[in-house]
Amino acid sequence: MQFQLSWETVPGLSGLRCEGFSAIATERPDTARGVAAACAGQDEADGLARALEEHFAKKRFSNDAAAFEAVKAFVLEWGVERRA
């Protein structure tokens, strides 16, 4: 199943942070404006969202583009590791 991942990028004193990750099943993921992941089901997608929340809890970014690319890279690596 395909899941669209979403989150908020929130300003803070030491830079932008990502929080509030969620994964919603979709037949047409919007990879132009978001990040999509193939998961076995909602439980795995929820696990990915929790892993993202945990991984990005202490990370800070200088701009939205850097935050987006970091999330995208994490999801791509997660997909590769899951298949290995």
Which residues, taken from the stretch 33-58, are in contact with a strand residue (DSSP E or B) (Cβ under 7 Å, 6 or more places away or on another chain) and either surrounded by 15 or more Cβ atoms within 10 Å (Cβ to Cβ) or at positive phi (or both)?
Gly34, Val35, Ala36, Ala37, Cys39, Ala45, Asp46, Leu48, Ala49, Leu52, Glu53, Phe56
Within the stretch 43-65, track down each residue that is part of a helix (DSSP H, G or I), more than 11 Å from the chain's Cα centre (by Cα) and touching a residue at least 24 places away in the same chain (Cβ under 8 Å).
Asp64
Considering only residues that are surrounded by 14 or more Cβ atoms within 10 Å (Cβ to Cβ) and out of contact with any Ser or Thr (no Cβ under 9 Å at 6 or more places or on another chain), look in the stretch 1-32 and name the one that is nearest to Val75 (Cα to Cα).
Pro29
Scan the stretch 33-42 for residues that are outside any helix (DSSP H, G or I) and farther than 14 Å from Val75 by Cβ and report the count.
3
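Every read-out reported here was derived from the displayed coordinates using simple, explicitly stated rules and does not represent laboratory data. Worth saying up front: this structure is predicted, and the values here are computed from it rather than measured. Note: ideal-geometry Cβ built from the backbone for every residue, glycine included; neighbour counts use all protein chains shown.
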